[in-house]
1. Evaluate region 314-388: find the radius of gyration of its Cα atoms, find its Kirkwood radius, and give the ratio Rg to Rh.
2. Taking the Cα centre of the chain as origin, sum charge times position over the Cβ atoms of Lys and Arg (+1) and Asp and Glu (-1), and report the length of that vector in debye to the nearest 20.
3. So for the pair residue 524, residue 410, with labels modelled 7 Å out along Cα→Cβ, what separation do we get in nm?
4. What list of ³J(HN,Hα) couplings, whole Hz, do you get for region 112-121 from phi and the Karplus terms 6.51, -1.76, 1.60, once you set θ to phi - 60° and write x for glycine and proline?
5. Taking the chain as a whole, which cysteines find no other cysteine Cβ under 4.7 angstrom from their Cβ?
6. Considering the dipole of the chain built from charges on the beta carbon (Lys and Arg +1, Asp and Glu -1) around the Cα centre, which of 351, 448, 225 is farthest to its positive end?
7. Could you tell me the calculated FRET efficiency between residue 351 and residue 419, based on Cβ-Cβ distance and R0 = 41 angstrom, to the nearest 0.05?
8. Principal axis lengths of the chain from Cα atoms, whole Å, largest first?
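The values are calculated or read from the model by the stated rules, or taken from the named source; none is laboratory data. The structure presented is a predicted model; accordingly, all values stated were derived computationally and were not measured. Positions of Cβ are generated from backbone atoms using ideal geometry, with glycine treated the same way; all protein chains shown enter the neighbour counts. Calculation scope for accessible area: heavy atoms of the full protein, side chains included, ligands and nucleic acids excluded. Shrake-Rupley method; radii C 1.70, N 1.55, O 1.52, S 1.80 Å.
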Amino acid sequence: MSHRRRRNAAGPPPPEGIGGSSTAEASSTGEERPDLPWAWALGSERRVLALALAFRAANALLVRTYFNPDEHWQCLEVAHRIVFGYGHLTWEWKRGLRSYLHPFIFAALYKILSLLHLDSPWFMAMAPRLLQSVFASFGDLYLYKLSKLIFNNHVAQWALFSQLVNWFMFFCITRTLSNSMETVLTVTGLYYWFVAIESVKGNSVVSKQQAASKQSPPSRKMALLIAALACAIRPTSAITWLYVGLLDFIQMKSKSRFIFLEVVPLGVFVLAVTTFLDCWMYGSRIIVPLNFLKFNLFSSGGDYYGTHVFHWYFSQGFPSMIWTFLPFSISGILKSREWRLAGLIVWVLVVYSILGHKEFRFVLPVLPFMFMFSGHNLAAMAQLKGKGHNEKGRLSRLKLSVILLILTNVPMALYMSLYHQRGTEDAMLYLSREAHDGRVKSVLFLMPCHSTPYYSTLHYNLPMRFLDCTPSENKGTLDESDRFLMNPADFVGEVFGNLSSFSHIVLFESEERHVKLLLRNSFQEVRRFFHSHFKVDRDLQSSVVVYSQKSVL
């Protein structure tokens, strides 16, 4: 992704760091340094990392809600099965659509917890998010470093501010979704890619020596290795790296060297390692990326879970994620004229728009780059403030903007992380404690499939049953989850009879009234957990209700 360093581009000159003035120079000119109020904490990259680690750890502890099933069912549930020998594998794992690479990271965590005898319900629920918070903090660090490299230190400070304040990043980045890991790898990989461009195009002695020996910079190999890992975790990450690679490939003098001595060896190495891992775990010869792309891209298998209109990412999805930072980011794009990075964002949104099935998390990897542009715009506003372009006695545009961004993002981040859809998480933690105390024998979940965490949170090997939603090869065939929602009472009577084989039943309040007659003789409500103030999917799932057999009580 070719670019030139934006030292003289529209926007604020860097007050320090790469290409910027030193503190002494700023003082000698009498010019005010327009740093953030907490810029003292960002004096070095170590301090940035320390700040990010502390912030994301608190972030992880504050996320107590349910967002997407994949956080549990495609990662933690698999990791739990690897370490403890029990856990549910969804249909994707039976068809070889998922790689074990990402779950293995959390399997290592579970193994450590087990060896240290720390696998209690609380640790099992919170430790994975705390581990992900460490990865997320490195994503924050590399966003700071990338912003500093492309623009300057001052822009980097405001870009970091934007990412830490944004509600969706707070809500999503510490969750154990493969998209969260993909986001961290994308930002980190792009940093090394840009470093490689600088080292090749710069006039340093090192660059001249590399050019003379026709050696590519080590940072480019690092970028390609990280890109390969991102694609191994989520094959659709290739969409991002195809754009990045092609733009610079066109301008490369030694194209064959780049392909055959860099891309192919590193790609084959990562593919070989991940394929060996997957073949070992699946017990058969399998190439997961091919199966994944065949199902999701070539056969539109993802459409089974719902489709959206073509423009959804542009009109609803991405604007909802970036929220009130949107006008600042657009202004930053126009002021910075960093068109290729802006083009990456548009490219990813357009390609994902072609696919019928759309989700917020799919485009999470390009969200940090919007914060770079937001940081550029805020830094430009701070520069004007530093030059005295504000009226005394009135709030400056910068202060008003910061107040607006905080007031519109922080409350939303806390609400979505602490309250919206928390009932299913609370219910499973409750059942886990009850199971470890010997008061749960078996559980039936009468709710849309994958609405709760499962064995990875319960952490107790007992029979459990949920409503299946495996895609049928016959179009129009309703799965158990759909059949239950259409006629709850009839479905329960037909499939489960009198429900006597289960000691506990979990369901949403919206379906409770339909099956209450079936429960009143043998079951009694034991707990009710708040879940949501607003509609989720089809109904207002205001509460999660746990029933227990009276004989168990």
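1. Working: Rg = 13.7 Å, Rh = 13.1 Å.
Ratio value, two decimals: 1.05.
2. Values: 55 positive and 38 negative charges, 344 e Å.
About 1660 debye.
3. 4.6 nm
4. Along region 112-121, the couplings run 5, 4, 5, 5, 8, 6, 10, 7, 7, x Hz.
5. Flagged as lacking a Cys partner: 75, 172, 231, 279.
6. 225
7. Numbers: r = 34 Å, r/R0 = 0.83.
The value I calculate is 0.75.
8. Cα spread of the chain along its principal axes, largest to smallest: 83, 63, 49 Å.
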